[in-house]
Amino acid sequence: MLRELTPEVREFLASAIWPGVLSTLSPAGAPITSAVWFALLGDEIVISTPAARPKARNARLDPRVSFIVDTRERPYRGVAIEGTATVIEDPEKQSMRTIAERYLGPVLPPAMEERIAATDRVMLRITPSRVRPWGFA
């Protein structure tokens, strides 16, 4: 069982400019899943979310999360990561700006700038405890 990202998995995640899927646990223990933009910071996955959203609230109560990124065409490749999420306040909203630039380029559209400015945000830093890649040599 892998506990850290291999160079191949790290490269795959760094080049994946499509959403990943994050699952958190609700207070009742039910999984809640959502598509999210993400970035890679060393061996950690970074996600920005409004502070009041369920994924942020859930991660504060129970840090166990699952995160998947995969291709949807052949040859299928992907990685499932189980780990813990640390919720970090982001008053400057820099994590969202960095992630948005990863997907949209260095000049963000005005609508995205407005979206970033509109809400208090937090960063979820996911530390892997189990890494399960597929489709890699």
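Could you name every one of the helices (runs of 4 or more DSSP H) located completely within the stretch 29-130 that has at least 2 residues being modelled with pLDDT of 95 or more and touching a Cys at 6+ places or on another chain (Cβ under 6 Å)?
Details: elements: 54-61, 94-104, 110-118.
Helices (runs of 4 or more DSSP H) meeting the threshold: none at all.
Name every residue in the stretch 63-79 that is crowded, with 17+ Cβ neighbours inside 10 Å and either of a type in the set (Ser, Thr, Tyr) or under 18 Å from TRP37 (Cβ atoms) (or both), in order of residue number. Break it down into steps so the answer makes sense when it comes.
The initial filter retains those residues of the stretch 63-79 that are crowded, with 17+ Cβ neighbours inside 10 Å, namely 63, 65-67, 69-70, 77-79.
Those that are crowded, with 17+ Cβ neighbours inside 10 Å and either of a type in the set (Ser, Thr, Tyr) or under 18 Å from TRP37 (Cβ atoms) (or both): VAL65, SER66, PHE67, VAL69, ASP70, GLY78, VAL79.
Being without any contact (Cβ under 8 Å) to a residue 60 or more places away in the chain and among the hydrophobic types (A, V, I, L, M, F, W, C) is the filter here, so list the residues in the stretch 23-60 that pass it.
Going through the stretch 23-60, the residues without any contact (Cβ under 8 Å) to a residue 60 or more places away in the chain turn out to be 23, 25-36, 40, 42, 53-54, 57-58, 60.
Passing the criteria: LEU25, ALA28, ALA30, ILE32, ALA35, VAL36, LEU40.
Scan the stretch 80-101 residue by residue and report those that are touching a residue at least 24 places away in the same chain (Cβ under 8 Å), surrounded by fewer than 17 Cβ atoms within 10 Å (Cβ to Cβ) and under 13 Å from VAL46 (Cβ atoms).
Correct list: THR86, ILE88, THR98.
Confirm whether ALA117 is within 19 Å of ALA52 (Cβ to Cβ) and surrounded by 14 or more Cβ atoms within 10 Å (Cβ to Cβ). Break it down into steps so the answer makes sense when it comes.
Details: within 19 Å of ALA52 (Cβ to Cβ): yes; surrounded by 14 or more Cβ atoms within 10 Å (Cβ to Cβ): no.
It is false that ALA117 is within 19 Å of ALA52 (Cβ to Cβ) and surrounded by 14 or more Cβ atoms within 10 Å (Cβ to Cβ).
The values are calculated or read from the model by the stated rules, or taken from the named source; none is laboratory data. Keep in mind that this is a model prediction, so the values were computed, not measured. FYI the Cβ positions are ideal-geometry reconstructions off the backbone, even for glycines, and counts take in every protein chain you see.
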